[in-house]
Structures are given as C-alpha cells and as structure tokens.
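Reading through the structure tokens given below for one structure.
The values are calculated or read from the model by the stated rules, or taken from the named source; none is laboratory data. Remember, predicted model here, so these are calculated numbers, not experimental data. Neighbour counts run over all protein chains shown; Cβ positions are idealised from the backbone, glycine included. Surface areas here come from the heavy atoms of the whole protein model, side chains and all, with no ligands, DNA or RNA. Shrake-Rupley method; radii C 1.70, N 1.55, O 1.52, S 1.80 Å.
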Amino acid sequence: MNDKYLDKTQAIQSDTKASLNRTLNVLDDTEDVAQNTLGELGRQRDQISQIQGDVENVRDALRRADVLLRMFRKRMMSDKLFQMLAVLNLLFLVGVIVFAIYKNGGLGADKSSNKGSPGDDDATATAEPGGQR
C-alpha cells in the first residue's frame with residue numbers, strides 16, 4: 001500500500017513539475033512579449049516626438065506664410081493705390097487737353113478766323129482807307 005501512495009505521490013509531483021515548467025515557459029514568453037512591447041513603446045515614443053517636431057515646423061511655416069501674405073496684401077493695396085492715382089492723373093491730363101481744345105474752338109480752328117482777337121484790331125486799324133488814322 002505504501003508503494004501505491006508513493007506512486008501516486010510521484011505522479012502528483014511529476015504533474016506539479018510539468019505544470020511548474022509550463023508556468024515557467026509562459027512566464028518566459030510573457031517576459032519576451034513585455035520586452036517586445038517595451039521596445040515598440042520606445043519606438044512609438046520616438047515617432048511621436050518626431051511628429052511633434054514636424055508639427056512645430058509646420059506651425060512655424062504657417063506663421064511665416066501668414067506674415068508673407070500680409071506683406072503681399074499691403075503691397076497689392078499700395079500697387080492698386082498707385083494704379084488708381086495713375087488713372088486719375090491720366091484722366092486729369094485728358095480733361096485738360098479736352099478743355100484746351102474746347103476753349104480754342106476745336107481741333108481745326110484757324111486763328112485768323114477768330115474775330116475779336118487782340119491782334120485783329122491793330123491790323124484793321126492800319127488797313128483803313130487812306131492809310132492813316
């Protein structure tokens with residue numbers, strides 16, 4: 001009967017050792033997974049840091065682009081103002097020319113046909129019959 005108990009005890013002990021070995025194998029696998037996970041987390045941390053740096057670079061580029069756009073708008077407005085002033089000067093010049101033409105009686109107006117000009121009085125005064133005044 002003692003042999004029976006010894007055999008049973010050895011079987012239980014053998015099963016316990018096998019279970020303990022399986023547990024140790026699972027523990028080793030768990031440590032491997034933990035190491036791999038730790039490495040992956042480190043890689044992801046580096047990737048997140050790089051992404052944060054890229055985001056900062058994009059923000060800086062957007063700030064510079066905003067400043068440039070504001071400068072371009074100011075230049076465009078000053079260019080438009082300059083263009084408007086040039087058009088107003090041109091219109092003023094055209095107005096002066098039109099006024100001068102209108103005042104002189106048109107484009108083909110002859111000065112000799114204008115009566116009442118100051119030079120005509122003297123010419124008629126010397127051309128009287130008898131030649132004297």
Worksheet item: Does Gly105 fit the bill of being out of contact with any helix residue (DSSP H, G or I) (no Cβ under 6 Å at 6 or more places or on another chain), modelled with pLDDT under 85 and surrounded by 10 or more Cβ atoms within 10 Å (Cβ to Cβ)?
Response: yes
Item to complete: Please tell me if Arg22 is modelled with pLDDT under 95, open to solvent by 80 Å² or more (accessible area, probe 1.4 Å) and either assigned to a helix (DSSP H, G or I) or among the small types (Gly, Ala, Ser) (or both).
Response: no
Worksheet item: What do you reckon, is Ser113 open to solvent by less than 90 Å² (accessible area, probe 1.4 Å), at pLDDT below 95, among the polar types (S, T, N, Q) and out of contact with any His (no Cβ under 6 Å at 6 or more places or on another chain)?
Response: yes
Response to the item:
Of (1) open to solvent by 90 Å² or more (accessible area, probe 1.4 Å); (2) modelled with pLDDT of 95 or more; (3) over 60 Å from the mean Cα position of the chain (by Cα), Gln35 satisfies every one except (3)
Discussion item. Would you confirm, using the coordinates I've provided, whether Phe72 is more than 30 Å from Leu107 (Cα to Cα), assigned to a helix (DSSP H, G or I), open to solvent by 80 Å² or more (accessible area, probe 1.4 Å) and of a type in the set (Phe, Trp, Tyr)?
Written reply: yes
